[in-house]
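The values are calculated or read from the model by the stated rules, or taken from the named source; none is laboratory data. Fair warning: this is a prediction, and the values are worked out from it, not measured in the lab. Cβ placement follows ideal geometry from the backbone for every residue including glycine, while neighbour counts extend to all protein chains displayed.
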Amino acid sequence: MNEEDVRAWLAELLDIAVEELPSPTEDLIDHGLHSIAIMQFADRCRRAGAAIDARQLAERPSIQEWLVLLSAKGSTG
């Protein structure tokens, strides 16, 4: 799982084009990401091998922070 995957999944969940995603440091909740989508993203991460949960993602809702979390779990590259 890499940054491109993360961005593609987020765009799909937000129902927007990848190019329309907010900057990596912006709060995704401010851009329409809701709790159900966060749970769906966490599930997708787990299926890709990342031991991460929705609570962790909700506490740090930016692309940059999610990449840090995934990297700490050894799931990006």
Those residues of segment 13-22 which are without any contact (Cβ under 8 Å) to a residue 40 or more places away in the chain and touching a helix residue (DSSP H, G or I) at 6+ places or on another chain (Cβ under 9 Å) amount to LEU13, LEU14, ILE16, ALA17, VAL18, GLU19, GLU20
What are the residues in segment 23-40 that are among the β-branched types (Val, Ile, Thr) and without any contact (Cβ under 8 Å) to a residue 12 or more places away in the chain, if any? ILE36
All positions within segment 12-26 that are assigned to a helix (DSSP H, G or I), at pLDDT 95 or above and either surrounded by 12 or more Cβ atoms within 10 Å (Cβ to Cβ) or β-branched (Val, Ile, Thr) (or both): VAL18
Exactly one condition in (1) small (Gly, Ala, Ser); (2) farther than 19 Å from LEU69 by Cα; (3) under 11 Å from the mean Cα position of the chain (by Cα) is false for ALA8; which is it? (2)
Segment 48-74 - residue that is under 11 Å from the mean Cα position of the chain (by Cα), under 13 Å from GLU3 (Cβ atoms) and not hydrophobic (A, V, I, L, M, F, W, C) and, of those, surrounded by the fewest Cβ atoms within 10 Å (Cβ to Cβ): GLN64
